[in-house]
Structures are given as C-alpha cells and as structure tokens.
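Read the figures in this text as sums done on the coordinates, not as results from a lab. No experiment lies behind these values; they were computed from the predicted model shown.
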Amino acid sequence: MRTKHNIFSRKKTWAGILLAQVVLFYFLSGSEWAVRAADSFFEWRKHSHQSLFASFPFAAGDVIYIILLLALLYLFIQIIRNKKRHRHSIMLLILANGFYLMYQIFWGMLYFQKPLSEKMPQSEISPEFVQELTLRYLEECRILRSQAEEDENGVFKIKDPHRLKEELLRSQHTIARLDGKSTTGINALKPSLFHGVMSYSGILGYYNPFTAEAQYNPDLPHTSLPFTMAHEAAHQLGYAREQEASFIGFLNGKASANPALQYSSSYFVLKSLLNSQISTHPRFVEQVLELYSEGMKRDRRAELEFRQKYSGWLDVFFSFTNDLFLKSNQQEGAVTYSYFVELLLQYELSAPPE
C-alpha cells in the first residue's frame, strides 16, 4: 500500500514540476531580461552546438526524434496494457519534463525576442509602391531565370547542391543587418530522413533545436530548395520567428553570388508579393503571371504539379497544427505572408538606391 502511495506521490510531483515549468516560462517570456539572457546563451553555445552534430553524415536530430517516438510509443502501450501503469506514467512525465525544459532553454524563449519590424524605420506604404516592387522583382526573376540551369523538361535544376550550401554560408557573413548575431560557417544543412512524409505534409524544412541542424526536404521543386535552405540557415543564426527567418533568408540570397540562390530568393519574394495582392488586385496578379518568362511558367507548373501530387489529409493536418504552433509563439499563421512582406517593403523603402 505504501509503495502505491509513493508512486502516486511521485507522479503528482513530476506533473507539478511540468506545470511549474509551463508557468515559469510563461512569465519569463514576458521578461526582457530573460529573453536577452536566452539570446546570449544561444550565441554562446551556437558554434560548439553546431560543430558537435555537423560531423554526422546524416540528420542526427531525426534519429533522436525516431528514438523519442519509439520510447513514447512503448510507454503508451505499456500504460494501455496496464503493465506497471504508474511506473510508466512517471517515466512519461519525466521524459516530458526533460523535453520541455531543453526545448525552452535551447529555442523556445527566442520566439519572444524584439521583432525585427520594431528595429526598422517605418514608412507609409502605398499600393502603387507594392505593384512597382512586384514588377521590379518580376524583371529580376526573368533575368536570373534566363541564366539558370535546367533539367531535360526545361525546369529549373540545381546541379551542385553542395556548392550551393557553401555559398549560402559564405554570403551570411556579408549580410549587413544580422542584428548582432554571429555566423559560424559550419555546414549543418542536411536532408531530412522524413522527406517522404514532408512532401505529403507540406513542410519544406525545419530547424532541430536539440542538435542545431537545419533539415530540408530534398524532394522539393528546385525553385523552392535554395530559399528553404537559406530560411533554415537563418534559424541557425537565432531567428526563431518563421517570417523573420524568411526575411534573413531573402537578405542572404540578395547578398549571394550563387545564381540558384539568387533566383530562388527573388522568386519567393515575387510569389509573396503576388499573394499579398491576390484579394485586392486580382487583375494585376493575373497580368504579372502572364508576363512570366517561358522558363518561369515551366517552373510554376512544376510547383503546382508537385503540390497536386502530394496534397491530401496529411497536408491539411500539418497545416492546421503548424498554424496553432505559430500562433502560440506570437507568430502569424502558416498561410500568411503579411509580416514577411511588411519587412520586405520597409527594407526596400529604406535601402539606398543601387
């Protein structure tokens, strides 16, 4: 009887610790000092953390996730089968406590950094300027696409992904607005072991806070692949918010000398600008799409075919859960581009003429 009482007491203790952690980090997330401390800790451990796992020829973080999922599955099965249910419940609570604590210390607190938009000059933005910028990026994409390599179907193709990664890391050093964040130059960009599931889920890439690796889906259309790498590499710098990572990825592409990264970044900007105007200026969007070069039209068709091939309930499920995750961390939902476009427009308005 005493043993059962002790087990139940331990279970309450670990459940209480988990609840206390949630409350603690909720209050810490509102503390400017705590958020700055988390950012400083990230900067301090960034190089060693990436170095430790970059040496693995595979995505070490994915292996950790697989082991974790197997452990969770085992514990749930044992609990359902009523085999030492209380002991396995305690193990589950201990695992949840450790996972939550490591996540918050390594990454979660970075979502509450001061937004980039508050650090940039603010100017009035007119619809005319947005359309002018859209046409400018259209012309830039047309020029870059004419210089791009293609596959046998005339679709944009990256011939040397390794060289692309090296150039991406080099160009990070030349970005003028890294906001005091340091670069490591360490290649921890790796194809995900879950790329098959990612294609069906709509996930392009993700950052693993436990191994500091940046994972991407190698099966993506190559128009999306370089910018996805740049986006995930921005997370490695310490930019947690998705739209801010996209903005830093855009700056990376702009500073790069690699044509594939330049085209992919400019193409992402163009699509984002068009998406921001689809409800207000649909005719303008249609006109811009008609002005795509033949190569760009082939690339767009390839992207649409990829989405149609892998669309389904899994895509809807992951889109919904990712939307909830982003909003819980003070970010916009997964389907909006407005914050990225806001950062882009303020940058373009304040940037000196070339």
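Here the Kirkwood formula, the inverse mean of 1/r across different C-alpha pairs, assigns the stretch 117-350 a hydrodynamic radius of 18.2 Å.
Between 0 and 90 degrees, the angle of helix 32-54 with respect to the longest Cα principal axis of the chain falls at about 80 degrees. Note that the stretch 279-286 has calculated 3J(HN,Hα) couplings of 8, 9, 9, x, 5, 4, 4, 4 Hz, one per residue in order, obtained from phi through the Karplus relation 6.51 cos²θ - 1.76 cosθ + 1.60 (θ = phi - 60°); glycine and proline are x. Counting only DSSP H runs of at least 4 residues, each contributing -39500 (n - 2.57), and dividing by the residue count of the chain, the helix-based mean residue ellipticity at 222 nm comes to -22000 deg cm²/dmol. For the pair S311 and V22, the difference between a 0.36 nm per residue extended length and the Cα-Cα distance amounts to 100.5 nm.
The H on the amide N of K157, modeled in the peptide plane, is under 5 Å from the matching H of E149, E150, D151, each at least 5 residues off or on a different chain. Taking every alpha-carbon pair within the stretch 171-247, the share separated by more than 22 Å comes to 20 percent.
Ellipsoid semi-axes for the stretch 2-112, based on the Cα gyration tensor and the rule √(5λ), read 31, 22, 9 Å when sorted largest first.
Separation of the alpha carbons by more than 21 angstrom is noted, of K46/K159; K157/K271; K254/K309; K114/K165; K114/K190; K157/K190, for K46/K159; K254/K309; K114/K165; K114/K190. Considering only S338, S126, S117, the mean-square fluctuation computed in a Gaussian network model of the chain, springs between alpha carbons under 10 angstrom, is largest for S126. Between D39, D219, D151, the Gaussian network model of the chain with springs among Cα atoms under 10 angstrom shows the greatest mean-square fluctuation at D151.
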